[in-house]
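Coordinate-derived values only; no laboratory data. Bear in mind that the values here come from a model prediction, so they are computed numbers and not experimental data. Neighbour counts are summed over all protein chains in view; Cβ atoms, including those assigned to glycine, are modelled from backbone coordinates with ideal geometry.
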């Protein structure tokens, strides 16, 4: 279940201010179709980190897409066209 930012803030505030649990949140907002396990997962994250936002750096690392790596891979591929499964060295160029 993906929560919108508004839903996350709402759940966080009701948990903090009124002590709502997953069952109470589902009862209060039946139109949201939140699952109990999703709410519990979000509340667990809040209890552990103090926030429901993603932690900084939790996304996919960008190092795989850096221009330097792309250029290096292109060089390796081009140097291997006529002899697969071998490595070229700078002295062969």
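For the range 42-53, the set of residues classified as buried (at least 17 other Cβ atoms within 10 Å of the Cβ) and not in a helix (DSSP H, G or I) consists of 52 only. Filtered by the rule that a residue be surrounded by 11 or more Cβ atoms within 10 Å (Cβ to Cβ) and not in a helix (DSSP H, G or I), the range 1-41 gives 1, 3, 20, 21, 29, 34, 35.
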